[in-house]
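Visitor: Below is the structure I would like to discuss, written out as structure tokens.
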């Protein structure tokens, strides 16, 4: 008797494959997946700046993890701290090297996404994005209630 595969299993398998492909692509430009996620958080910031707390929230990690990532990325020349009006807040920006890294990494990410969506029509691709967004918002709301 053939067992039907549930959505969670499919999502897990797809996530694993995408994560492995992404890690290989990022390694070519000297980044880890976590570092790419930090850089991506700048794309979603309003003014191009980020704080350690903002990175912590964007990546859903503990403060020491976010601080460690920022320090390692500063040593690599990808990020730099800038003076803030509030000395308790650590304001961070991307360096030129950080912008170059995101440009190179995004090319690889786009190629991975095109492989993911290759078997879908344009309409199916839009529907897929719509459904992913709907599921994500549902999970995000549920997660917010548990805090």
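The values are calculated or read from the model by the stated rules, or taken from the named source; none is laboratory data. Please read these numbers as outputs of a predicted model, since none were measured by experiment. Using ideal geometry, Cβ is built from the backbone for each residue, glycine included, and neighbour counts are taken over all protein chains shown.
Visitor: Exactly one condition in (1) over 29 Å from residue 10 (Cα atoms); (2) more than 14 Å from the chain's Cα centre (by Cα); (3) touching a residue at least 40 places away in the same chain (Cβ under 8 Å) is not met by residue 64; state its number.
Guide: (3)
Visitor: Could you please give the count of residues in the stretch 124-138 that are closer than 18 Å to residue 8 by Cβ and surrounded by 11 or more Cβ atoms within 10 Å (Cβ to Cβ)?
Guide: Matching residues across the stretch 124-138 total 3.
Visitor: Now for a separate question. Looking at 115, 92, 110, 102, can you tell me which residue is modelled with pLDDT under 90 and either in contact with a strand residue (DSSP E or B) (Cβ under 8 Å, 6 or more places away or on another chain) or surrounded by 15 or more Cβ atoms within 10 Å (Cβ to Cβ) (or both)?
Guide: Unique residue meeting the criteria: 102.
Visitor: Any idea how many residues of the stretch 67-87 are part of a loop (DSSP other than H, G, I, E, B) and either farther than 16 Å from residue 37 by Cβ or without any contact (Cβ under 8 Å) to a residue 40 or more places away in the chain (or both)?
Guide: Count: 6.
Visitor: Criterion first (surrounded by 13 or more Cβ atoms within 10 Å (Cβ to Cβ), touching a helix residue (DSSP H, G or I) at 6+ places or on another chain (Cβ under 7 Å) and without any contact (Cβ under 8 Å) to a residue 60 or more places away in the chain) does residue 34 satisfy it?
Guide: yes
Visitor: Condition first: under 22 Å from residue 132 (Cβ atoms) and outside any helix (DSSP H, G or I). Now tell me which residues in the stretch 8-59 satisfy that.
Guide: Across the stretch 8-59, the qualifying residue is only 44.
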